Every structure is written in structure tokens, then in C-alpha cells.
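The structure appears right after this line, and notes come after that.
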Amino acid sequence: MYDIIAAIILGVVEGLTEFLPISSTGHLILARHLLGVDGAQWETFDIMIQLGAILAVVVVYCQRLWSTLVRLPSDPSARHFALLLLVALLPSLVLGAMFGSTIKRLLFNPITVGTTLILGGLVIIAVELTARQAKYRVVEEVPLLTALWIGLIQTISMVPGTSRSGATIMGGLTLGLDRRTAAEFSFFLAIPTMLAAFAYEAWKGRDTMDFSSAGLIAIGFVVSFLSALAIIRPFLAYVSRVGFMPFAYYRIALGTLVLTLLAL
């Protein structure tokens, strides 16, 4: 029964935090630490439930993604959209393959998470206070070079606690995207990025992945999907009105709490 409760909690954590600039990986590390769940089955669990969050983005943007797909052969804007995601994905593919395992071995711990939560919060504050006038208000308007820079910035999120969505959104704001467009670009880029990360981790750990708890994985997957589905549209509406400052304050508060508890 405790494992089922843990699976539900972790599914909620993954779904709610994957697309917010507060680090889903960092929150999962902290949540697992607090719940006292560890081992091969939970490592497999963490990898598999990410697919639930990916599915939520596909569902929310189903019409737009399908329209882009069917227009690829004939529409230059559809091809530009696809090329944007490919160009932004490349840095993560290269640097993730080179340094992913080392980072996971050395930095996946609560101390790193607490520290990067605070640093990331300070970065958000700095970006919000100095954000330039938006030049791009639709994802399809973003130049390829800008997409490449956003992809390079995304690689910082390999360090837990940094936040993939936070890195891409702040990178987008710095490079001239408005808040909503930066968030949507982050959502779209999450699909190939997370699928690639899932495929890489699954292949690398194919001999050690533990599927004995398939029921727990199914629970976490469904909860992650529903949680992400519930948060995406309200998040877009909220940041369009308010901005990202509240997430910065939350990060700093949580990071300070984590480091204080660890020190005690």
C-alpha cells in the first residue's frame, strides 16, 4: 500500500513540475528522498512516468501538431517549425551523450538540488528584471540561430534542480521571445527532448531495468499524465498575466529549506 501511495505522489510531482520552471528532476529526487524509496524499480519508474507528461503536451497541442505534420511536404512554415525543434534538440543529444552519465553519478543529490534551485531562482529574477522587448510572438517566427541558442541553454538543465523548462523559457525570454511563446516553445521542445532522454536511458539500462512493479509504473504514468494535462493551460494563462517571479521566489524558498534541513 505504501508503494502505491509513493507512486501516486511521485506521479503528481512529475506531472505538475515537468513544465514549470522549478525542476521536475529536482523535485523527484527530493520526493524520493523524503519517501525513502530507492532501487532499480524506482529508477525505472522515474524514467517511464515521464512519458505521461509528454503525452499530456501531445494531447493539449494535438490539433496544432497534427496540422504541422500533414503540412510538412507543402508548407514552408511547417517545415521551419520542425527544423526549429531539431536544431534546438541537437545540443542536448550531443552533450547528454557525452556527460549525462557523469552528471547523474556526481550531482543527483539533495545538496545539488537545493543549491541549483536557489541559483535558478536568482537567474529568473535577473531575466525578468532585464527582459528586452519581445520580437517573436509566435513559435514559427523564431529564427534557427535563436533556436540553437535556446537548445544550448537547455543543456544546463542536465544538472538536477536547474529545470529544463526553466532554462529554455529564460533562454527564450533573453533572446526575444515573449512569455507565452517562450513557454510554448519549451513545451514543444520537451517532446523530442524527453523522448530522446527516455530512449537513451532505457537503452543504457536495458539489462538492469526492473519492470517487476509494472502496476506502480502504470499508476505513476496515469497520474503524471493527468497532472500535466491539468497544469499546462493554466500555467500559460498565469505567466502571460503575472510572469515568472513567483516561481523564482518559490525556488529560492525551497532551496533554502532543503539546504537548511540538510545542514541540521
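The values are calculated or read from the model by the stated rules, or taken from the named source; none is laboratory data. Remember, predicted model here, so these are calculated numbers, not experimental data. For neighbour counting, all protein chains shown are included, and Cβ atoms are generated from backbone atoms with ideal geometry for every residue, glycine included. Side chains included, ligands, DNA and RNA excluded: accessible areas come from the protein's heavy atoms. Shrake-Rupley method; radii C 1.70, N 1.55, O 1.52, S 1.80 Å.
Could you state the angle between the C-alpha long axis of helix 2-17 and the longest principal axis of the C-alpha atoms of the chain, as a value from 0 to 90 degrees rounded to the nearest 10?
For 2-17 against the chain, the angle is about 20 degrees.
Identify, among 231, 243, 189, the residue whose Cα sits farthest towards the positive end of the charge dipole of the stretch 156-264, taking +1 on the Cβ of Lys and Arg and -1 on the Cβ of Asp and Glu, with the dipole about the Cα centre.
The residue sitting most towards the positive pole is 243.
Please report the carbon-and-sulfur percent of the accessible area for the stretch 1-159; probe 1.4 Å, protein heavy atoms only, DNA, RNA and ligands left out.
Using a 1.4 Å probe with all protein chains present, the stretch 1-159 comes out at 72 percent carbon and sulfur.
Specify whether the C-alpha gyration tensor of the stretch 129-177 places it in the rounded, prolate or oblate class, a ≥ b ≥ c being the square roots of the eigenvalues: rounded for a/c under 1.5, otherwise prolate if a/b is larger than b/c and oblate if not.
oblate
What angle do you read, to the nearest 10 degrees and between 0 and 90, between the alpha-carbon axis of helix 144-154 and the longest principal axis of the chain?
The angle comes out near 20 degrees.
How would you rank 125-135, 111-121, highest first, on the average number of other Cβ atoms within 10 Å across their residues?
Result, highest mean first: 111-121, 125-135.
Quantify, in whole percent, the carbon and sulfur part of the accessible surface of the stretch 218-264 (1.4 Å probe; protein heavy atoms only).
Ligands and nucleic acids excluded, carbon and sulfur give 76 percent.
Between rounded, prolate and oblate, where does the stretch 215-255 land on the alpha carbon gyration tensor, with a ≥ b ≥ c its root eigenvalues, rounded for a/c under 1.5, else prolate if a/b exceeds b/c?
Here the stretch 215-255 falls in the oblate category.
With the other protein chains left in place, how much accessible area per residue, in square angstrom, belongs to the stretch 100-175 at a 1.4 angstrom probe?
So the stretch 100-175 comes to 46 Å² accessible per residue, rounded to a whole number.
What angle do you read, to the nearest 10 degrees and between 0 and 90, between the alpha-carbon axis of helix 62-71 and the longest principal axis of the chain?
Roughly 50 degrees, rounded to the nearest 10.
If the only charges are +1 at each Lys and Arg Cβ and -1 at each Asp and Glu Cβ, what is the size of the charge dipole of the stretch 63-175 around the Cα centre, to the nearest 20 debye?
The calculated dipole for the stretch 63-175 is roughly 120 debye.
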